[in-house]
Each structure stands twice: as C-alpha cells, then as structure tokens.
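Report on one structure; see the data block that follows.
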Protein chains: 2
Amino acid sequence: MQDIVVYDCTLRDGSQGEGIVFSAEDRLLIAQKLDEMGFDYIEGGFPGAAKKDADFFARARELDLKHAKLAAFTSTRRPKQAPGRSPGLKAAIESGAPVATVFGKSSVLHVEKVLGTTRSENLRMIEDSCRFLSGHELETVYDAEHFFDGFKLDPEYTLKTLEAAVNGGAEVLVLCDTNGGSLPWEIGEIVDRVAEQFDLPLGIHTHNDAGLAVAGSLAAVEHGCSHVQGTMNGYGERCGNANLCTIVANLELKMDRRTIGKRKLTKLRDLSRYVSEMANLPHPKNLPYVGESAFAHKGGMHIDGVRKDPSTFEHVPPERVGNARRLLISELAGRSSMLDRLSRYRKELKKDSPEVKQLIKELVDLENRGYQYEGAEASFDLLIRKAFGLRQELFHRCGFRIMSERREDGSMLSEATIKVRLGDREVHTAAEGMGPVSAIDNALRKALMEFHPEIENISLVDYKVRVIESTGGTGSDVRVLIESTDGQERWGTVGVSHNIIEASYIALLDAIEYGLLLSKQTEAHKRQARK
Amino acid sequence: MQDIVVYDCTLRDGSQGEGIVFSAEDRLLIAQKLDEMGFDYIEGGFPGAAKKDADFFARARELDLKHAKLAAFTSTRRPKQAPGRSPGLKAAIESGAPVATVFGKSSVLHVEKVLGTTRSENLRMIEDSCRFLSGHELETVYDAEHFFDGFKLDPEYTLKTLEAAVNGGAEVLVLCDTNGGSLPWEIGEIVDRVAEQFDLPLGIHTHNDAGLAVAGSLAAVEHGCSHVQGTMNGYGERCGNANLCTIVANLELKMDRRTIGKRKLTKLRDLSRYVSEMANLPHPKNLPYVGESAFAHKGGMHIDGVRKDPSTFEHVPPERVGNARRLLISELAGRSSMLDRLSRYRKELKKDSPEVKQLIKELVDLENRGYQYEGAEASFDLLIRKAFGLRQELFHRCGFRIMSERREDGSMLSEATIKVRLGDREVHTAAEGMGPVSAIDNALRKALMEFHPEIENISLVDYKVRVIESTGGTGSDVRVLIESTDGQERWGTVGVSHNIIEASYIALLDAIEYGLLLSKQTEAHKRQARK
C-alpha cells in the first residue's frame, strides 16, 4: 500500500469552469475544508496573473492549516527575460506560499506557435524558472503542460523539458493532459517511459474532454505516478478537470492506495456538497460516489436484490463515502420498498395489514393517474399520514378564480381571488402574480396566513411541469413538481390534473401542509428542550 | 479499421434514471432519430415487465426504420419454469421486434442470494431461454449481467454461463459491468480471457458508478469487443450508463473505429440535445464533445492559443461532432453554422451582410432570454422569414382573457375570451378547455378560423413546459415547446415568458402560422401539378 499525494486545483483551475466564480471568502472556507479532509496541497491561485489571486494569498496567512500546504501557480519566465523580472515568478515568491507550481511548455507545437521562441530557449526558461523558485526556498512542483500531446509529436524533446526542470531543482514532475484528449492506455505507456528515465516523484493532471479524466489519472497511478491533481466535483474549463472526489474514492476503495485515509473518506459526500454550495451550483445527482442518485435504486429487481444483499447492486457500501442508499418510489419498483417507509410511522406493520393494503391500493390508483413520488417525498409522507389518520386539515372549503389577460398592447396581467373557510371563519382575498400559478400561490398564502402565520417562513424554490400523456396536446394531463424550503429543510410535493392550475394548487397545498408540520415539530422540540 | 456495432439502451436502461420518464410518443420520436443517426440496435423496453413497454412495441410497428433493429429486453425464464410459460420470453416474441436481448445471471452471488436456485439450474435457465428465443427466429443477444463481478468471484462458473448462452443459440455475448465498479484494466484482462475461449462477437455494457463507464467500454473494444451498449447522455440508474455519445466520438475520432461514420457524427451534438429535450432535462454544459462548454475557452492564454492554432487547446475540431468553439469573452463567436441554415433561403448571403448581422443579434438576444430552437425548428424558420420580410401576418391585434375557477365543491372550469382584428374585420369569441392553455388554444383557433379556414387541419400533438431559471419558484421564466401536425408533417415551436399562458400563446401562434404556410405551399404544389 503506497501513499498517494493529493493536490487540489479547485481554487485555480476549477475556477476556469464556465459560470464558476469564487469570492475571496469562499476560497478561504474551501481551503480550510480541504485541509480538514487531509488533502496534501491546495493550489490557491495564479498571483502573478490576477490581483484577486494575490489578495487570496495575503488573506490566507490567517488560515491555520494543519496538514495541507498552499501552492502558488505561475508560468515560467518569458523568452529572453531574466527570472527576477518575471511578474509571475516574483508574485509566487511574494505570495508567502511554501510551494510554487510552475508550468512550462512540453510540446514543440506550443513552443513554436504559441510562445514563438526556439526549442532551446524554452528549455532554458523551464530550468531558470525552477532554479529561481527553488533558490528562494520554495518547494517547486513542475507542471509539464501538454505533456502527452507533446510526447506524441516529439518524445525526445518532451523528455528534455523534464530534464530542464530537474536541473532547475523541481521536486515533482507533473505530467499534464491539458487538452483532455489522451486515452488511458496511452497515458499508462507514456508514464512508463518517463519513469524509466526519472527518479523523481511523478504527478498526473488530466482534463475530461474525452470523458476519461478519472480513468487517465488512475492509469497513471497504476503505472507509477504518486501525486494526483484534480478538482472538487470535476470543476474546470470546457468539460472540467479530473474529479478528485471520484479519484480519491477509487484509489482508497478499489486500488488499495492510501490518500486521505478511510476515516476521512466518510466525509467525502459532505465535502463535495459543500464545495458545490460555495460555487452556487446544483450538485449533480449522478456524480459517482457522492451524488444523490449514486446509490438510488429504481428498478424493481434491483430493489429486491439490494434488500437481499446490498452488494448485489452496489459496487461499494454507500457509508464508506458518507452517502446513503435510497429506494425510489416508482411505478417500476414494485411495492416492496414501501414497507421500509411505513415502518417509520408504525413499526409493527406487516405487508398484509389492512392499512397497508388500502394505502397500496390508493398508491396504485394515484400512479395510474400520473402521480410519481420521486422528488416528492413530502407528498408521499402526507399520503401515509392520511392513511393513518394523522393528517392536519388546512381548511374546510376553498374556492378560487384566476384571471389572465392579454391586452391588445401585448401586456399581460394575472390575478387570483380566493375564498377559504376554517370553522366559522372565512377569508376572501386576492393577489396578483407574474403568471396564473404565481397569482394563485400568492393568494393562497395570503389567505392561509390568517389561520397559520408560520406560513411566512415557507417559500418556493423550484417549480417543474411535465405533460404526462403527450398524445392529447394541450388537453393532456400535467404533473407539477414543487420544491419548497423553510430556510432549513427542503421538501418536494406533486400534483396531477388535466388543468395546470389545479395540478399546481394540489402541489402547493401539500407543500404548505408539510411545511406547517415541520414547523410544529420544531416548536415541539424547542418546548421539549426548555423543560 | 473495424466496424463496431452500436446498441442503444436509452429507452429501457436509460429510463431507469432518477426523474426520467419517456412517454410513448417520446420513445417513438427518439427511436426514429437514433435510426436516422445510423445506430444499429435500439432497445425499446422490457415488454414482459411493463404494459407501456409492450404498448411501445405495438405502436413501433408504424415506424419506418431504415437501418436500426428494434430489440425487446427480457429476463430468462424463472427456476423450474417452462420457457413457454415465462411472461418475459413470451412478451419478447409477441413484441414483433426482430431482436431479443435476454439477460441472465453470471455471478454465483446472484444465483444463490437473489434467484435462490442452484448453479446448474441457472445454466439451464440461460440455455433454455436463448434456445426458446432463437427457436422463434429472433436474433438473440445475451446480456451477461454482473459478468465482471461474477468473474472475480468464480471465473470458471461465469464462463460456463456464456457457454450455456452459446449452446442456446445466442449470437452475441454482452459482458455487463452492472454495478459499475470495475476498473478499465480489469475489464481489458477479463475480455482477453473470454475472447480466448469464444468465437462469437463480444459486447460490452458498463455503468458509471466509479466514473469509468466510458473508459471501461473503450478498454473492452481495445481488447476485442465489437458491440457497444450505452445510453444517450449517459442516462440510467444511479450514476448512469456509459454515455454512448462520448463512446461513439472516441471510437471514431481517437481509435479509428467505424461506428455511425464521420458524416453522421457531425449530428452528434444535435442528437444529444434532442434526447435531453425529450427527457425534459437540462443538457449539462460540461458533457464531453457535445456540451455547450465542451469547446468554450475562458482563460486568456487559452483563448490566445486557440486563436493562433485551435489544436493548441482543443483535442478535436468541434465541427467533427457538430459542436462549435466559444470564446467566452464574446458570446458571438462560433455562430458561423448559422449561415448554413440561412443559405436555404438566400444562397448569396455572406456572414457580414446586414440581414445576417441583424438576425444574429436578434438570435443572441432571444437565446439570452431562454429561447432554444432544438425541437422548435418551425419557430426558427419563422424568425428567418421575418428577417427577410417573408412573414405572413395572422392578425393585426389580439387581446384575450382567461378565467380558471375552482368551485367550493372542487370542480374546475377554464374559459377564454378572445378578440382578434384583421383589416376592418373583428372577431370576438369564447371557448372552454380542460385547463387555461387548452381554453386559449381552442379560442384562438375558433377566432382565426374566420380568417384562415385551413386551421381546421392543424392539431397539437405534444406540449412541454420547462422552467428555465429555477431559483425563483413560480415567478421563474418558463419555456413552452409545442409539437403540431396537419396529418402529414409535424413541426415544433417555442415560446418563453414568465407567464405560462403567454409562453404557450407565443408557441401556439408560431404553430398556427407555420401550419398555414405549409398548407399554402401544398396548395401551390397542387395548382402547379394541375397545370
């Protein structure tokens, strides 16, 4: 079992991804988290290229890193420039980071077309730059940009660029598949060639343009690399960098290499979600190991198998990476997963008890009408509560009217009026909205606020519409999925009707009812705590 | 250069993905598109397990497939069951599909724990089932479920399951990494072992639980598999199946294997987006080859490099897969593909002619507002006609009002009133509908019928709604996609607004205008023919 060094590029290369912007604060928080997770290196930015990267390093001195080293990224000096006059190299030194990662050109295509210099000057640029950094007592990591593409064009020259870095004092040689186009076995063969000639630790840095970044990194480790670079969730330019979450999990669980260790690995899912929150991006459900669907089973035969033995349809136990198994409720899944859920309410229930039979009957009927409870677990919960007589009534009677108007000048207006009764109280009110659904949403909240003031904390996060049987045009049934929050929890609800207003209304009511239930539970907890 | 058979599982395995539901209509449209792309096999569903899968095969008889063969999926017979009494096997035969894909258990773990039968009975189940299908003249594909996991537990037994399939008449042996946990080099080694013993064509079917599905499939091909299974965009249970888009592009462009051929490959991006529209799912920007960001350059040095020579930062030219380069400093880069479309209307147009510039400006503006023309080519066509002054006016002014009411007894009513003027004529009328959208659809048709009686032949086939910016709840923008027909042609139109009624209205108007245009062209043809 060999130790593999983990080098995170999220803050620098990851932020090249389309739509990814980290504030200075975000970067500090992420660096702290990566350190807690036991990552070895954190690349903080390119201080010679962007002022906000230099600022990050200034503020990073406040950080109390227990394990990780901060690395400053830089290019080599320019052609015919003295290293001491290179803004990039100087900024790396001034950053105060103990590590400098300097990238140089490995490929003759880039030397000639992009740099516009000679092959020998490029070698001197690499050697001088590494010597300048290591001479300033910085641990020097050499990133060989376009290494694999360069090797395919001119292997001899590409190996000479590595020699130049070694002569300059580089301590690690990182082989980069910058354009992400190399096949894993090409990477493996080329790493073999490099390992024959160099005794230094070798690193790997890949991109996902061919969907092979993780595979390329693992192949490189299999062939001798002991340092792996990547980003959280695979953020990065174009199709992204190699996803470090996937790589770390594969190294630990499939290849028996130690990276952050098995204990910290159980925080992997949390870390992945944390960084996606910082990036303000949704967390893709299908991310390997850490995604919400990674251990979600939908097919009936799969659910049946997992209940008999989880290893039948799970490549690793989800707990190893801090994830959890989910049995999805769907038409395809058979009914066996339902008992699991019901047992949360009543432990003693059996598959053939009358409540369960009745509930299953109702569920089948609802599913035939187009209901679907994936992403609408709150509606499912309310369904169970209703079957067990645990449901709260929001009101006795409700009628509403929505008017959407397009004036001849093209402007649109939507208004809803609503009349709600609970006991002997009646509320009759009205509200406008951007469209008919937001008008009824606003009116319904306004009316129910009279009976349940806690509604104020509940708000809508997402609203999805899907036509179910699409053969009848606008006369088809629609399914509305709504996601709501009270600032803490999030929950999903569903409504189906041939009328989009009614479908939305059904899902909205469930959303409010479930939200009130949550707020009552929280109140009860607080009272309990005060006692 | 070897031919590799492409077998698509989107309609069956892909629909196991969380949140993926294809209607019967969607499935027919997708099958048609996959056929046009030159895919060899299309797995339509599991007719013995779900009624709507059986319905799909019944309706699929209408399809006029030029190249692809439809495959019906099924399990083997059960332990101690006669093949003729297996609902799965019978349904596969009754489906009318020329190909049956039968899956059996390769792993002793599954034989014992999940099936609860003996190893020898499992072998008989596989052999009998293949024989039953091949005996009914079906081309029989054998899917060896959990093949790689099974091989690691007991290689000898696992190879025997393949022998059983061969003895039963299977024509292809597909090795499945069902749990997605195998490393690419493990797959390569095991394929080598299988290829030593079997002369039949071998196939590969992988899942992405370790982020290695594409790499595993390519490794299998490199070691001798000639049949590749996967799904569009990698849809599928848990972390998804192997992404067939990525695999096909890698095989064609990196490994010099022929699949759909280089010409059809240039439609890959369109196909990928088309299927994501059908699935009503966003198209991830970072998808290899086909994503919107796949050739988007953000870093200054990268943009500089790409300007000097695109190969400096692009692993393949984006045009090869129908994608386009984007330099993120200017959203306008890469619109050159539009000239292709415009030349249908005016051959002599150049990139810098004023109409083209104006049109590009308008298009960029519309796209920023959330318009998207995949699946809405009729709206795009009308946009071009408008730019060239070729557009017909349906009316001068139009105002409408829609009322949706929920009475206290729970019944719903939707009614629309509309006032339309063309020249000095005015029509003021009203109609009801199942919901507000069908009410305005009915009223609009009724009103316009007065001016354009041909409208009678136009009807709606499909109606889809998507929330575009999903952070604002019911206040978000929605995009409505409508598909219409006149009994002969089908066409798609699009509308965007924060108000679902307005978005629907915009798409409906385009649908009617385009339909009238078609009927005028048909009339003109008829007159021409009579002369």
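The values are calculated or read from the model by the stated rules, or taken from the named source; none is laboratory data. The shown structure was predicted, so the numbers you read here are calculated from the model rather than taken from an experiment. Cβ atoms come from the backbone with ideal geometry, glycine included; neighbour counts cover every protein chain shown. The accessibility values were calculated without ligands, DNA or RNA, using every heavy atom of the protein model including side chains. Shrake-Rupley method; radii C 1.70, N 1.55, O 1.52, S 1.80 Å.
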Determine, at each q value in 0.11, 0.17 (inverse angstroms), the log₁₀ of I(q)/I(0) that the Debye formula gives when each Cα of region A:2-260 is one equal point scatterer.
-0.53, -1.37
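Sum up the charges of everything whose Cβ sits under 13 Å from the Cβ of A:Val166, counting Lys and Arg as +1 and Asp and Glu as -1, but leave A:Val166 out.
Working: positive: A:Arg131, A:Lys160; negative: A:Glu127, A:Glu163, A:Glu171, A:Asp199.
Here the charged neighbours net out to -2.
Within a 10 angstrom radius of each residue's Cβ in B:432-442, how many Cβ atoms of other chains show up on average? Whole number is fine. If you can, show how the numbers build up before the last one.
On the way: counts 0, 4, 12, 13, 11, 9, 8, 3, 3, 3, 2.
Per residue, the number of nearby Cβ atoms from other chains is 6 on average.
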Gyration tensor (alpha-carbon) shape descriptor, region B:50-104, a/c threshold 1.5
prolate
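With an 8 Å Cα cut-off and a minimum separation of 6 or more residues, compute the relative contact order for region B:113-171 in percent. Please list the in-between numbers first.
On the way: 50 pairs, mean separation 29.5, N = 59.
Once normalised by length, the contact order is 50 percent.
Please state, to two decimals, what the Cα-based radius of gyration of region B:86-138 comes to when divided by 2.2 N^0.38 Å (N = residues).
Values: Rg = 12.2 Å, N = 53, 2.2 N^0.38 = 9.9 Å.
Cα-based Rg divided by the globular estimate yields 1.23.
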Roughly how many nanometres apart are two label points built 7 Å out from the Cα toward the Cβ at A:Arg85 and A:Glu426?
8.9
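Tell me the total accessible area that A and B bury against each other, 1.4 angstrom probe, in square angstrom rounded to 100. Could you put the intermediate results ahead of the total?
Details: alone 25620 and 25240 Å², together 41650 Å².
Roughly 9200 Å².
Let me check I've understood the local charge: for A:Gly224, count other residues with C-beta under 14 angstrom from its C-beta, Lys and Arg +1, Asp and Glu -1. What total comes out?
Working: positive: A:Arg193, A:Arg257; negative: A:Asp3, A:Glu189, A:Asp192, A:Glu196, A:Asp199, A:Glu222.
Within the 14 Å Cβ shell, the charges total -4.
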Residues listed by number, region B:430-463, amide nitrogen under 20 Å from B:Leu413 label point at 7 Å toward C-beta
B:430-444
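Which FRET efficiency value, to the nearest 0.05, is calculated for B:Asp154 and B:Ser459 with the Förster distance at 56 angstrom and r the Cβ-Cβ distance? Intermediate results must be reported in sequence, preceding the final value.
Working: r = 59 Å, r/R0 = 1.05.
My answer for the efficiency is 0.45.
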Residue-averaged beta-carbon neighbours from other chains (10 angstrom radius) around B:309-320
4
Across 20 Å bins from 0, what is the distribution of all Cα-Cα pair distances for chain B, in whole percents?
19, 46, 29, 6, 0
Using a 1.4 Å probe on protein heavy atoms, which residues of region A:267-298 have at least 10 Å² less accessible area in the complex than alone?
A:Lys285, A:Asn286, A:Pro288, A:Ser293, A:Ala294, A:Ala296, A:His297, A:Lys298
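Where Lys and Arg each count +1 and Asp and Glu each count -1, what net charge lies around B:Cys176 among other residues with Cβ under 12 Å from its Cβ? Please report the intermediate quantities before stating the final value.
Numbers: positive: B:Lys105; negative: B:Asp13, B:Asp143, B:Glu145, B:Asp149, B:Asp177.
In short, -4.
With r as the distance between the Cβ atoms of B:Arg320 and A:Glu94 and R0 = 35 Å, compute the FRET efficiency 1/(1 + (r/R0)^6) and round to 0.05.
Working: r = 44 Å, r/R0 = 1.27.
Efficiency computed from Cβ-Cβ geometry: 0.20.
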Quick check: at a probe of 1.4 Å, how many percent of the accessible area of the protein assembly as shown sits on carbon and sulfur atoms?
48
In the structure shown, of A:Lys152/B:Lys267; A:Lys464/B:Lys267; A:Lys52/B:Lys298; A:Lys113/A:Lys160; A:Lys69/A:Lys254; A:Lys69/A:Lys264, the pairs separated by more than 24 angstrom at the C-alpha atoms are A:Lys152/B:Lys267; A:Lys464/B:Lys267; A:Lys69/A:Lys254
Provide the packing ranking of A:151-162, B:17-28, i.e. peptides ordered by the mean count of other C-beta atoms within 10 Å per residue, highest first.
B:17-28, A:151-162
Taking the simple approach of a point 7 Å from Cα along Cα-to-Cβ for both A:Glu25 and B:Glu137, what is their distance in nm?
7.3
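So if I place +1 on the C-beta of Lys and Arg and -1 on the C-beta of Asp and Glu, and nothing else carries charge, what would the dipole magnitude of chain A be about its Cα centre? I want it in debye, nearest 20. Don't jump to the answer; show the numbers that get you there.
Numbers: 70 positive and 79 negative charges, 308 e Å.
With Lys and Arg at +1 and Asp and Glu at -1, about 1480 debye.
Report the convex hull volume per residue for region A:27-143, counting only C-alpha atoms, in Å³.
Details: hull volume 11.5 nm³, N = 117.
Roughly 98 Å³ of hull volume per residue.
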Give, ordered by residue number, each residue of region B:386-413 whose 1.4 Å probe accessible area is reduced by a minimum of 20 Å² on adding the remaining protein chains to the chain alone.
B:Arg397, B:Cys398, B:Gly399, B:Phe400, B:Arg401, B:Ile402, B:Met403, B:Ser404, B:Glu405, B:Arg406, B:Glu408, B:Met412
Region B:267-286 to region B:185-212: how many Å between their Cα centroids?
28
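Just check the protein assembly as shown against the gyration tensor rule for me: Cα atoms, a ≥ b ≥ c as the square roots of the eigenvalues, rounded for a/c under 1.5, and otherwise prolate or oblate depending on whether a/b exceeds b/c.
Details: a/c = 1.43, a/b = 1.29, b/c = 1.11.
In terms of gyration-tensor shape, rounded.
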Non-local residues with an amide H under 5 Å from the amide H of B:Phe103, with H modelled 1.01 Å from N and Pro and chain starts lacking one, are B:Thr74, B:Ser75, B:Thr76, B:Asp143
Whole-Hz ³J(HN,Hα) for each residue in region A:379-387, computed from phi via Karplus 6.51 cos²θ - 1.76 cosθ + 1.60 with θ = phi - 60°, x for glycine and proline: what do you get?
5, 5, 4, 5, 4, 5, 4, 5, 4
Separation between Cα centres of region B:244-261 and region B:1-51, rounded to whole Å:
19
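In whole angstrom, how long is each semi-axis of the equivalent ellipsoid of region A:414-531, when you take the square root of 5 times every eigenvalue of its Cα gyration tensor and sort them from largest down?
Numbers: eigenvalues 161, 69, 26 Å².
Listed largest to smallest, the semi-axes of region A:414-531 are 28, 19, 11 Å.
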Computed over the Cα atoms of region A:116-222, what is the convex hull's projected area averaged over all directions, in nm²?
6.6
Estimated FRET transfer efficiency (B:Leu63, B:Asp270; beta-carbon r; R0 25 Å; 0.05):
0.80
Residues of region A:2-260: accessible area per residue at 1.4 Å, in Å²?
33
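Starting from the coordinates of the alpha-carbon atoms of region B:1-86, obtain the Kirkwood hydrodynamic radius over all distinct pairs and give the value in Å to one decimal. Don't skip to the answer; put the middle values down first.
Values: mean 1/r = 0.0718 Å⁻¹.
Mean inverse Cα-Cα distance, inverted, gives 13.9 Å.
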